[in-house]
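Reviewing the structure listed below.
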Amino acid sequence: MNNFDRMFDIVAGHEGDFTADPADSGNWTGGAVGAGTCRGTRFGISAAAYPDLDIAALSLDAAKALYQRDYWQRIAGDLLPAALALLVFDAAINNGTNRATRWLQLVAQVPQDGVIGEQTLHAIDRTAARQGGVMDLCSDFLALRLAFMTSLPTWKTFGIGWARRLCRLPYEAADAGYLDR
């Protein structure tokens, strides 16, 4: 099993099956509570991101193909240290690829243009080569993500689940052997 397949299993496990909570803006085709139609979320694929998709009928294989094309490839998952790739991939699904990419660039100390290119990858490789460098990148990335998520008005409603997810990720990375690479 390659890194994408293993990470897909982890992230899809966080996302779960079909939900259509009307208090979750991601469940609405307009991306805001009450905007458009509440079509829900399944396997982390939301009506807000895919307003024309039949979310309730989405298969796991179709979700996996969307994850590969629209998230994994956009974050250059195959080119990142495995533990960091898991964190960025999870953030891309949960918080959007643009935001996840910019957080990655911020911790890599490169301009935040929202595109993971040579400059970003070089800075990550340089930091990762240092003793504890991957851990530093991972902890800084998670700290940025946590600060963002706690600032959301929906934190009171969904925060305990999000916090559990964020706290679980480093353990899942370690369990998968990603911290050894």
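Computed from the coordinates by the stated procedures, all read-outs in this text should not be read as laboratory data. All values derive from a computational prediction rather than experimental measurement. A quick note on method: Cβ atoms are made from the backbone with ideal geometry, for glycine too, and the neighbour counts reach across all protein chains shown.
Things to note:
- Alpha carbon convex hull of region 1-118, projected area averaged over orientations, nm²: 7.4
- Evaluating kT/(6 pi eta Rh) at 4 °C and 1.567 mPa s, with the Kirkwood radius of region 16-73 over Cα pairs in the Stokes-Einstein relation, gives 117 µm² s⁻¹.
- Of Thr157, Thr101, Thr127, the one that fluctuates the most in a GNM where the chain has Cα springs shorter than 10 Å: Thr157
- This model, with +1 at the C-beta of Lys and Arg and -1 at the C-beta of Asp and Glu, gives the chain a dipole about its Cα centre of some 380 debye.
- Largest GNM mean-square fluctuation across Pro153, Pro51, Pro111, computed for the chain with C-alpha springs under 10 Å, falls on Pro153.
- Sum of side-chain charges, Ala56 neighbourhood, beta-carbon under 14 Å (Lys, Arg +1; Asp, Glu -1): -2
- A straight chain from Thr37 to Gln109 at 0.36 nm per residue would run longer than the Cα-Cα distance by 21.9 nm.
- Our note on the geometry: Cα centres of region 16-32 and region 119-181, 25 Å apart.
- Based on DSSP H segments of at least four residues, each scored -39500 (n - 2.57), the chain has a per-residue ellipticity at 222 nm of -17000 deg cm²/dmol.
- Residues Phe18, Phe4, sorted so that the one with the fewest Cβ neighbours within 10 Å comes first: Phe18, Phe4
- Placing dummy labels 7 Å off each Cα toward the beta-carbon, the span from Arg164 to Ala57 is 3.2 nm.
- Segment Asp17-Asp78, length gained on full extension (0.36 nm per residue, minus Cα span): 19.3 nm
- Isotropic mean projected area of the C-alpha convex hull, region 25-181 (nm²): 9.5
- Sparse packing (at most 13 other Cβ atoms within 10 Å of the Cβ) combined with a DSSP loop state is found for the following trypsin sites (Lys or Arg not before Pro) in region 95-140: Arg130.
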